[in-house]
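J.: The structure follows.
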Amino acid sequence: MKKNNIGSCIFHVLFLLFMLMPLLAVVLMSFTSKGYMAFSSLDEMSLRWYYEVFNSEAYMDALLTSITLGAISSTIACILAVPACIALAKYDFYGKDLINSFLLSPLMIPHIVLGIAFLKFFSNVGISKSFLGLVIAHIILISPYAMRLILAVVYSLDKNIDNAALSLGSNKFMITVKITLPLLLPGIISGWLISFIQSFDELTMSIFLTPSSLITLPVKMYNDIDENLTPMITAISGVVIFGAIALMFIIDKFFGLEKVLIGKK
Amino acid sequence: MKKIPFLLVSPAVLFYIVFLVSPLLITLIMSFHGYSIYTGISDDFSLANYEEVLSDSYFYKIFLRTFLLSVAVALLCTILAIVEALILYKMSTFYKSISLLIILGPLLVSVVVRTLGWAILIGENGFLSSIPVLLHLSEQPVSLMYTQIGVVITMVHVLVPFSIIAIMATMSKLDDSIVNASLSLKASSFYTLRKVLIPQLMPGILSGVMVVFTLSITAFATPAIIGGRKLKVVAMVIYDEFLATLNWPLGASIAMILIIINFVCIYFYNKYTQKKYKRVFQ
């Protein structure tokens with residue numbers, strides 16, 4: 001196979017620059033010492049807006065809400081997904097393919113449609129604009145992401161291990177608890193992480209469901225970009241970006257980012 | 001023993017039936033109801049909302065704008081992703097994984113943050129807006145905020161990782177020896193690319209097109225922040241009907257049309273790829 005030529009290298013560098021530029025702009029802007037949206041020169045950079053954002057009750061509340069929401073809904077999504085994935089990968093039963101596509105179907109429904117459908121449904125059953133509603137909506141939204149990853153891991157398990165345990169006198173229940181679940185753990189953790197990220201970043205659906213007392217971070221940021229744009233938003237974005245970078249290295253070190261995002265085995 | 005798999009899937013399936021199927025059904029039913037500012041949502045049943053959406057030139061313009069925007073975004077993403085994926089394919093493992101971190105990393109950051117980044121770059125005082133001045137092409141900075149081009153650029157940035165993921169997924173199944181065979185038989189590298197590599201990558205390329213297109217026609221945050229009120233897209237109209245005008249039934253009917261367009265795209269994609277690329281999937 002031929003190597004990349006000069007033209008390809010230039011394209012590649014420009015493409016990486018294109019991908020990085022907006023994030024770099026946000027991070028640079030977040031270190032400004034000015035009181036409005038403008039870059040500072042290198043020697044005038046300050047942590048002024050980080051200080052402000054960490055002392056802003058509204059932003060810290062929003063950050064906490066998003067973290068709590070993400071943690072609760074990804075945990076429940078994984079609890080629902082693990083047994084379903086074991087059934088789909090290890091058993092043959094009537095309607096298996098249909099159930100498989102049904103459980104992945106939220107991926108095909110636009111977030112904006114989910115948002116209005118939940119708004120209508122929750123106001124019918126009396127939990128509109130509540131944290132409970134937000135959790136339920138997020139579980140539906142992120143379950144397919146958890147399912148896809150966990151399913152791939154269950155499929156990759158060696159069936160001979162089960163047979164070995166059976167021949168040594170174990171039963172199906174013991175196999176699940178002592179063998180399958182421990183082997184699935186990396187898959188479950190990466191499924192949890194990817195669902196957490198999906199939940200943490202979600203705007204379009206949540207905008208219809210967020211109670212004004214418990215506003216999520218992306219909704220808070222969206223509202224402020226619209227109405228009250230200050231470098232504080234770039235500072236909280238900076239926090240999110242640094243968090244994402246840390247998470248990216250964790251995922252890459254333990255599971256491989258390619259594996260989690262592309263689904264390569 | 002036969003019951004075990006059903007017991008295992010039932011919590012997830014029940015959860016979906018209660019919290020996914022019923023909200024969507026209720027919304028579908030609501031889209032047939034009427035609405036007036038004085039009495040709110042009425043219980044009658046008609047196709048009036050759909051007739052209004054499909055006949056009004058206001059909505060027609062917005063659907064057309066959304067469609068053209070999505071075609072442009074899907075085309076650009078696909079071209080960029082094919083070129084970049086081929087470059088990555090030839091790279092050593094080390095550089096490839098670093099590049100992938102940079103390309104896929106932004107997926108972990110909220111669309112709101114990435115869009116904000118572009119708003120900074122292409123705003124009045126933005127770095128990119130001042131390039132025409134530096135090149136002496138213009139006296140004034142050229143801001144792409146609130147323009148269609150600005151929306152397209154930002155959407156391409158947001159969605160191009162999905163095209164790359166789709167193409168890379170097919171690429172990982174690629175057989176290097178076929179490419180080498182073609183080259184050793186004195187085929188030029190362009191001929192090899194056109195006749196050997198691209199056809200093998202076609203399932204990935206097409207699934208990338210479909211993912212990007214369906215995500216574009218339903219996008220909300222990026223068009224709302226970069227495009228603003230003057231360049232409304234379908235998702236923004238639904239948002240307005242629900243949270244500003246409060247004509248929920250009309251908003252629901254637009255949402256249903258959007259979901260139908262989405263499903264039609266997915267259906268034709270599946271049908272086409274399964275027919276044409278059956279061998280690749282086996």
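J.: Just counting partner chain Cβ atoms within 10 Å, what average do the residues of peptide B:87-100 show around their Cβ?
T.: Values: counts 8, 2, 2, 6, 4, 1, 0, 0, 2, 1, 4, 1, 4, 6.
What the average comes to for B:87-100 is 3.
J.: How far apart, in nanometres, would the label points at A:Ser41 and A:Leu98 be if each is projected 7 angstrom from Cα along the Cα-to-Cβ direction?
T.: A separation of 7.1 nm, rounded to one decimal place.
J.: Pop the C-beta distance of A:Glu52 and A:Ser167 into the FRET formula with R0 = 45 Å and round what comes out to the nearest 0.05.
T.: Values: r = 65 Å, r/R0 = 1.44.
Here the calculated transfer efficiency is 0.10.
J.: Suppose the chain between A:Ser128 and A:Val177 were pulled fully straight at 0.36 nm per residue; how much longer would it get relative to their current alpha carbon spacing?
T.: On the way: separation 49, 0.36 × 49 = 17.64 nm, distance 3.85 nm.
13.8 nm is the gain from fully extending A:Ser128 to A:Val177.
J.: Can you give the Rg/Rh ratio of the stretch B:57-276, where Rg is from the C-alpha atoms and Rh is the Kirkwood radius? Could the numbers behind the result be given before it?
T.: On the way: Rg = 20.3 Å, Rh = 19.5 Å.
Over the Cα atoms of the stretch B:57-276, Rg/Rh equals 1.04.
J.: In square nanometres, what is the average projected area of the Cα convex hull of chain A? Spell out each step's value before the answer.
T.: Details: hull surface 81.4 nm².
Here the figure is 20.3 nm², rounded to one decimal.
J.: Estimate the FRET efficiency between A:Phe249 and B:Glu51 by the formula 1/(1 + (r/R0)^6), using the beta-carbon distance for r and 51 Å for R0, to the nearest 0.05. Display every interim value, and only then the final one.
T.: Working: r = 54 Å, r/R0 = 1.07.
So the FRET efficiency works out to roughly 0.40.
J.: Right, another one. Would you work out the relative contact order for chain A, in percent, from Cα pairs under 8 angstrom that are 6 or more residues apart? Walk me through the numbers before you get to the answer.
T.: Numbers: 272 pairs, mean separation 78.8, N = 265.
Across chain A, relative contact order equals 30 percent.
J.: Quantify how strongly other chains surround peptide B:67-78 by giving the mean number of their Cβ atoms within 10 Å of each of its Cβ atoms.
T.: 0
J.: Given a 10 angstrom Cα cut-off, can you work out which residue in B:Ala166, B:Ala12, B:Ala224 is the most mobile in a GNM of chain B?
T.: Evaluated over chain B, the most mobile residue of the options is B:Ala12.
J.: For helix A:57-90, report the angle its Cα long axis makes with the longest principal axis of the Cα atoms of chain A; keep it between 0 and 90° and round to the nearest 10°.
T.: 20
J.: A follow-up question, please. In nm, what is the difference between 0.36 nm times the number of residues separating B:Lys3 and B:Ser42 and their Cα-Cα distance?
T.: Working: separation 39, 0.36 × 39 = 14.04 nm, distance 4.49 nm.
Additional length available on full extension: 9.6 nm.
J.: Put +1 on the Cβ of every Lys and Arg and -1 on every Asp and Glu Cβ in chain B; which of B:Leu20, B:Val264, B:Ser216 then has its Cα farthest towards the positive end of the dipole?
T.: Ranked along the dipole, the leading option is B:Val264.
J.: Residue by residue through A:227-236, how many Cβ atoms from other chains fall within 10 Å of the Cβ on average?
T.: Partner-chain Cβ atoms within 10 Å, mean over residues of A:227-236: 1.
J.: Name all residues of the stretch B:220-251 having a backbone nitrogen under 14 Å from the label point set 7 Å from the Cα of B:Val142 along its Cα→Cβ direction, giving them as ranges.
T.: Backbone N within reach: none found.
J.: Something else: Angle, helix A:217-227 long axis vs. longest principal axis of chain A, Cα atoms, 0 to 90°, nearest 10?
T.: Long axis of A:217-227 versus the principal axis of chain A: about 30 degrees.
J.: Number of Lys pairs in the stretch A:137-265 with C-alpha atoms less than 24 angstrom apart, excluding same-chain neighbours closer than eight positions?
T.: Values: A:Lys159/A:Lys172; A:Lys159/A:Lys178; A:Lys159/A:Lys259; A:Lys159/A:Lys264; A:Lys159/A:Lys265; A:Lys178/A:Lys265; A:Lys253/A:Lys264; A:Lys253/A:Lys265.
Qualifying lysine pairs in the stretch A:137-265: 8.
J.: Right, another one. Straight-line reach from A:Lys120: which aspartates and glutamates have Cα under 17 Å away, leaving out those fewer than 8 places along the same chain?
T.: B:Asp43, B:Asp240, B:Glu241
J.: To continue, here is another question. Please list log₁₀ I(q)/I(0) at q = 0.08 Å⁻¹ for the protein assembly as shown, using the Debye equation with identical point scatterers on the alpha-carbon positions.
T.: Each listed q corresponds, in turn, to -0.57.
J.: How far apart, in nanometres, would the label points at A:Asn228 and A:Ser33 be if each is projected 7 angstrom from Cα along the Cα-to-Cβ direction?
T.: Taking the simple label geometry, A:Asn228 and A:Ser33 are separated by 2.6 nm.
J.: What's the FRET efficiency of B:Leu135 with B:Tyr58 using the Cβ-Cβ distance as r and R₀ = 51 Å, to the nearest 0.05?
T.: On the way: r = 39 Å, r/R0 = 0.77.
It comes to 0.80.
J.: Note down the magnitude of the dipole of chain A about its Cα centre, charges +1 on Lys and Arg C-beta and -1 on Asp and Glu C-beta and zero elsewhere, to the nearest 20 debye. It would help to have the intermediate numbers written out before the result.
T.: Values: 17 positive and 16 negative charges, 205 e Å.
So the dipole magnitude of chain A works out to roughly 980 debye.
J.: Name the residue from A:Ala87, A:Leu217, B:Ile102 whose Cα lies farthest towards the positive end of the charge dipole of the protein assembly as shown, charges +1 on Cβ of Lys and Arg and -1 on Cβ of Asp and Glu.
T.: A:Ala87
Quick note: the coordinates plus some simple rules give every number you see, no bench work behind them. All figures in this text were calculated on a predicted structure; none of them were measured in a lab. Neighbour counts run over all protein chains shown; Cβ positions are idealised from the backbone, glycine included.
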